[in-house]
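The values are calculated or read from the model by the stated rules, or taken from the named source; none is laboratory data. All values reported here derive from a predicted model rather than from experimental measurement. In this analysis, Cβ positions are derived from the backbone assuming ideal geometry, glycine residues included, and neighbour counts consider all displayed protein chains. Accessible surface is based on the protein model in full, side chains and every heavy atom, while ligands, DNA and RNA are left aside. Shrake-Rupley method; radii C 1.70, N 1.55, O 1.52, S 1.80 Å.
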Amino acid sequence: MENLDITETSTIQKLENLLLVAVPRDLTDRDVLKLRRQVLEETRRYHSQWVLLDFSRVDICDSFFGRFIQSTARMAGLMGANVAVAGLQDAVIETMVELGMTLPNIHAVLDLDDALALSREGETDDGLLAMESPGHAITDSLSLDSPFDDSTFIPPTEV
Amino acid sequence: MTGQAQNPKRFSISSVVDVVQARRSGLELALKMGFHPAEANKVAVVISELGRNIELYAGQGSITVTPHTEVKGQYIEIIAEDQGPGIPDVARVLKGGYTTSSGMGLGISGSQRLMDEFEIHSVVGQGTRIRAVKRMQ
């Protein structure tokens, strides 16, 4: 029954200590289960300390999607990883808030640059050490132009 | 409420795929009518929440989405119907907090908050009919 014609597929990429997950816009229950398992597998494989769920393609976020975010965060948390959500569209955010959806213990960032900055800070909001990556120590003036291990990363333009 | 109904779209719901297609159509319809993207998004989410309830509790049913035009303005009417087990305590569901294995307990109560009008008629053992209206701001 789950044969929805979804042309978009999820993509999961490693970026430094962050696992970047591009979430497709329409997910069935089966897709969600599959994606969540993929995320956990890749998190373990790459020892990712941050999982970034990129929602920029998602234009309808119902409570089921909210539960997907929550459950993924809880499971990733049990693996020692933090979860951040990025790219939520204005319309989606407004609906989520009015719907009464809350996402406790989940970081929200504007985009990939902010997610990278957050993952390099080294500490979560509750003070727990989130990363110990050599060469990416906490600095007051974080440089986003420094070279990275992963060739898929496109350095942001300076503003 | 009176108003000129235009081309109602009826979606049979018996799987999550049906729900996804119905909410996508609802979003496109609302945007085409001129709803603000945030308001159109609410229409889509309510279709999704009500559709999921049908699929989860009744197994099958339908959602009808109808654009209306009247002197005071335009609005979209969503009617979700099923012949499922019905809701024993509507007031409690509207209050929120009913959690299921797949949702956040926000389905009905949250949908009510997103809409301008929201009515539930449910008879245990016979089914449920929910009517929701979103007006163009």
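Checking the structure you have, find out if any residue of segment B:105-118 is within 12 Å of the chain's Cα centre (by Cα) and aromatic (Phe, Trp, Tyr).
yes
Condition first: open to solvent by 70 Å² or more (accessible area, probe 1.4 Å) and modelled with pLDDT under 90. Now tell me which residues in segment A:88-107 satisfy that.
A:Thr102, A:Pro104, A:Asn105
Could you list, in sequence order, all residues of segment B:1-38 that are touching a residue at least 12 places away in the same chain (Cβ under 8 Å), farther than 25 Å from B:Thr128 by Cα and within 11 Å of chain A (Cβ to nearest Cβ)?
B:Phe35, B:His36
With the requirement that a residue be of a type in the set (Lys, Arg) and farther than 21 Å from A:Leu27 by Cα, what does segment B:1-48 give you?
Hits for segment B:1-48 are B:Lys9, B:Arg10, B:Lys32.
Scanning for something surrounded by fewer than 19 Cβ atoms within 10 Å (Cβ to Cβ) and at pLDDT below 90, does segment A:35-52 turn up at least one residue?
Let us first name the residues in segment A:35-52 that are surrounded by fewer than 19 Cβ atoms within 10 Å (Cβ to Cβ), namely A:36-38, A:40-42, A:44-47.
Right, trim to at pLDDT below 90 and you get none.
No: zero hits.
Determine if segment A:91-98 includes at least one residue that is over 30 Å from B:Lys95 (Cβ atoms) and hydroxyl-bearing (Ser, Thr, Tyr).
Within segment A:91-98, none of the residues are over 30 Å from B:Lys95 (Cβ atoms) and hydroxyl-bearing (Ser, Thr, Tyr).
For segment A:76-103, which residues satisfy the criterion of being in contact with a Leu (Cβ under 9 Å, 6 or more places away or on another chain) and on the phi > 0 side of the Ramachandran plot?
A:Gly87, A:Gly100
Could you list, in sequence order, all residues of segment A:75-87 that are in contact (Cβ under 8 Å) with a residue 12 or more places away in the chain and open to solvent by 30 Å² or more (accessible area, probe 1.4 Å)?
A:Met75, A:Gly77, A:Met79, A:Gly80, A:Asn82
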